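Peer 1: Pasting a structure here, questions to come.
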Amino acid sequence: MNKFGFSISQGRQINFDEIKTDKVDKLLELVPSFKLCIGCGGCTAACTAAGFTDYNIRRIHTAFQRGQYTGLEEKLQRCMLCGKCLLVCPRGVNTRSLIVNMRRILSNVEPVTWRPQREIKAESNEESHK
Ligand code: SF4
Ligand code: SF4
């Protein structure tokens with residue numbers, strides 16, 4: 001506090017040259033559909049957890065994309081992986097996989113690649129016909 005009795009807020013500018021992008025790059029590699037996100041907020045509007053808490057999935061994945069990881073790991077625990085966000089996303093972003101992999105990357109656990117059940121079934125059908 002200075003002698004005038006007020007403090008000056010920290011700047012909120014983001015210097016993209018100083019951001020470490022390794023975590024974002026890893027996430028985009030695991031969930032390529034995230035590149036299609038337009039930040040519309042449909043996922044947050046439909047979110048079950050957002051109805052009961054201040055959890056905001058759009059804000060979380062935007063912060064992750066900007067390399068602002070502080071506090072995200074704890075916030076992501078509020079997601080119950082119900083998948084409603086996945087159903088409403090107009091860009092087909094695999095938000096559930098996004099959440100699971102953000103959690104894993106932030107806690108240094110081996111990430112997972114999520115594939116739709118129909119793809120896995122189609123592959124096993126092909127195998128059985130060989
Ligand atoms: S609904 Fe889809 S496109 Fe919109 S912010 Fe959420 S993830 Fe991005
Ligand atoms: S999966 Fe998580 S982020 Fe998506 S709607 Fe459900 S609680 Fe919200």
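Just so you know, all these numbers are worked out from the coordinates, no wet-lab data involved. Please read these numbers as outputs of a predicted model, since none were measured by experiment. Cβ placement follows ideal geometry from the backbone for every residue including glycine, while neighbour counts extend to all protein chains displayed.
Peer 1: For F34, F52, which order do you get if you count the other beta carbons within 10 Å of each Cβ and list the fewest first? Don't skip to the answer; put the middle values down first.
Peer 2: Details: F34 22, F52 10.
Ascending number of Cβ neighbours within 10 Å: F52, F34.
Peer 1: Here's another thing I want to ask about it. Sort I99, I8 by Cβ crowding within 10 Å, fewest neighbours at the top.
Peer 2: Working: I99 21, I8 6.
Exposure proxy ranking, most exposed first: I8, I99.
Peer 1: So between R91 and Q77, what do we pick up on full extension, going 0.36 nm a residue minus the alpha carbon distance? Before the final figure, lay out each step's value.
Peer 2: Working: separation 14, 0.36 × 14 = 5.04 nm, distance 2.43 nm.
Residue separation times 0.36 nm, minus the Cα-Cα distance, leaves 2.6 nm.
Peer 1: Next question, about the same structure. Over segment 25-109, with a single point scatterer placed on each C-alpha, what log10 of the ratio I(q)/I(0) does the Debye formula yield at q = 0.21 1/Å?
Peer 2: -0.97
Peer 1: While we're on this one: So how do T70, T44 line up by other beta-carbon neighbours within 10 Å, fewest first?
Peer 2: Arranged by neighbour count, lowest to highest, T70, T44 become T70, T44.
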